[in-house]
Ligand code: ZN
């Protein structure tokens, strides 16, 4: 079997307000809301998916907006930074755009690349890097034309409480290759062209705590159901305790916590987000899995409506 993931499938985080989240990820960052559904384990909470035009694996960030939830603390046992990749000629566009929209960004460098680092309204740490790799997004929204749009994830910075063990997992179990070490980070590369460069702190980091503005888990790609089943036994035979395979409607998932405290998921590429909506209308309606459909009226009453809207500054 392949015991090499091609990279990140999706990243899931906690936020507070769905409108604030939509205004940032669609309004500011220009991503497409590709699915509006509910947390299958807590149906009174939205599960919102943002990505490229069809929500390709490697482009998808997902949110559970819990109103009034406590703010978390970014730290060990979490994804520290979620890295977005833009076209090589788009770095200055994003620098100017973030400045214009009053998003404070700091320019830093790592492994010979320039990054713009900033936080979302809940404090989730994000960064933008420009690279050749990865197909251009076909989605244009508000002030973000498709040729400058975010292509997907460049990767992530993992904050581990046991970095040596996290590094070993990435190489021996997930199939990434170590490609460098610099400035307190080790860099690992997966075989895909999106979500493929993963940096891990070299010195152990103190445990953070979950809550708004923190990542809940990072999901890695499995090509199909057959490979997914093999991944489960592969993970288990390496001493981890994966959950049974869970149906997440748009992919199947297994979860396990790695030694550095980070919750890992392995998710299948198929069936994807067009399984219950036309590609032209993704994200427009509240989609419920069949087993919740009979409770739609009650569920809708518990959810605060929000809009995908162009920012005033972009009109
Ligand atoms: Zn997930």
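The values are calculated or read from the model by the stated rules, or taken from the named source; none is laboratory data. From a predicted model like this one, the values you see are computed outputs, not experimental measurements. All Cβ positions, even for glycine, are placed from backbone atoms using ideal geometry, and neighbour counts span all protein chains on display.
Okay, here's what the table says:
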read-out: Lone unmet requirement of (1) assigned to a strand (DSSP E or B); (2) surrounded by 22 or more Cβ atoms within 10 Å (Cβ to Cβ); (3) within 16 Å of the ligand (Cβ to nearest atom) for residue 250; value: (1)
read-out: Matching residues in the stretch 18-52 - criterion: being in a loop (DSSP other than H, G, I, E, B) and surrounded by fewer than 19 Cβ atoms within 10 Å (Cβ to Cβ); value: 40, 41
read-out: The stretch 195-224, subset over 24 Å from residue 168 (Cβ atoms) and in a loop (DSSP other than H, G, I, E, B), residue nearest to the ligand (Cβ to nearest atom); value: 210
read-out: Residue 236 modelled with pLDDT of 95 or more, away from the ligand (no atom under 16 Å from the Cβ) and part of a helix (DSSP H, G or I); value: yes
read-out: The one condition in (1) surrounded by fewer than 21 Cβ atoms within 10 Å (Cβ to Cβ); (2) without any contact (Cβ under 8 Å) to a residue 60 or more places away in the chain that residue 90 fails to fulfil; value: (1)
read-out: Cβ pairs under 6 Å, 6+ apart, first in the stretch 192-217 and free of Cβ contacts under 8 Å to residues at least 12 places away in the same chain, second within 16 Å of the ligand (Cβ to nearest atom) and assigned to a loop (DSSP other than H, G, I, E, B); value: none
read-out: Residue match in the stretch 67-74 (condition: within 24 Å of residue 221 (Cβ to Cβ) and in contact with a strand residue (DSSP E or B) (Cβ under 7 Å, 6 or more places away or on another chain)); value: no
read-out: Condition met for residue 245 (modelled with pLDDT of 95 or more, more than 29 Å from residue 185 (Cα to Cα) and touching a strand residue (DSSP E or B) at 6+ places or on another chain (Cβ under 8 Å)); value: yes
read-out: Odd one out for residue 156 among (1) free of Cβ contacts under 8 Å to residues at least 60 places away in the same chain; (2) in contact with a strand residue (DSSP E or B) (Cβ under 6 Å, 6 or more places away or on another chain); (3) in a strand (DSSP E or B); value: (1)
read-out: Some residue of the stretch 53-69 being more than 16 Å from the ligand (Cβ to nearest atom), crowded, with 20+ Cβ neighbours inside 10 Å and more than 12 Å from the chain's Cα centre (by Cα); value: no
read-out: Criterion: surrounded by fewer than 18 Cβ atoms within 10 Å (Cβ to Cβ), within 12 Å of the ligand (Cβ to nearest atom), over 19 Å from the mean Cα position of the chain (by Cα) and without any contact (Cβ under 8 Å) to a residue 24 or more places away in the chain - qualifying residue of 243, 297; value: 243
